[in-house]
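Shown next, in C-alpha cells, is the structure this report addresses.
The values are calculated or read from the model by the stated rules, or taken from the named source; none is laboratory data. Because the structure is predicted, anything quoted here is derived from the model rather than measured. We place every Cβ from the backbone using ideal geometry, glycine too, and count neighbours over all the protein chains shown. All accessible areas refer to the heavy atoms of the entire protein, side chains included, with ligands and DNA or RNA removed. Shrake-Rupley method; radii C 1.70, N 1.55, O 1.52, S 1.80 Å.
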Amino acid sequence: VVLGSSVAMIPFAVLGATLMNTSGAFAKTYKEAQSYVNIAMLVPTLPIAAAAVLGVDAELALMVIPSMSQHLIITELIKGNTVPWSFYAVCWIATIGLSVAMMAFLIRRYRNESLLG
C-alpha cells in the first residue's frame, strides 16, 4: 500500500511545487503571497471532497483529474483492491502534463521584466 501510494503521489509533489510557485509569482508582498498560497492549497482538495461526498468509484476516466486520481488510487489500495497500471499511467500523464503546462506559464511569467519592478 505504501509503495503504491508513493508511486501515485510522486507527480502530485511536482504539481504542488508548481502550484505554490505559480501562486507566488503573482504576489507583490509576502503577506499577499501567503494568502495566495492558502488558496492554492485549497484548490487540490476540492476534487477530493467532491469524490468523498459523491462516493465516486475509481474509473479510468477519473484518473485525468489530479488529486482525485491520487485519492482514488490510494483508496483502492487501502481497500485491498488491485489498481491497474493504466490508472497509474493516466494519473501520471495528466498530473505531469498539468505541471509542465504550469511550468511553461511560469517561465513566460518570469521572463517578463515588469515582474522585477
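Checked against (1) free of Cβ contacts under 8 Å to residues at least 40 places away in the same chain; (2) open to solvent by 70 Å² or more (accessible area, probe 1.4 Å); (3) aromatic (Phe, Trp, Tyr), Trp92 meets all criteria but (1). Just one of the listed residues (Ser114, Ser23, Ser35) is farther than 27 Å from Gly4 by Cα, of a type outside the set (Val, Ile, Thr) and under 14 Å from the mean Cα position of the chain (by Cα), namely Ser23.
Within the range 26-48, the set of residues being crowded, with 16+ Cβ neighbours inside 10 Å and over 30 Å from Leu72 (Cα atoms) comprises Ala33 only.
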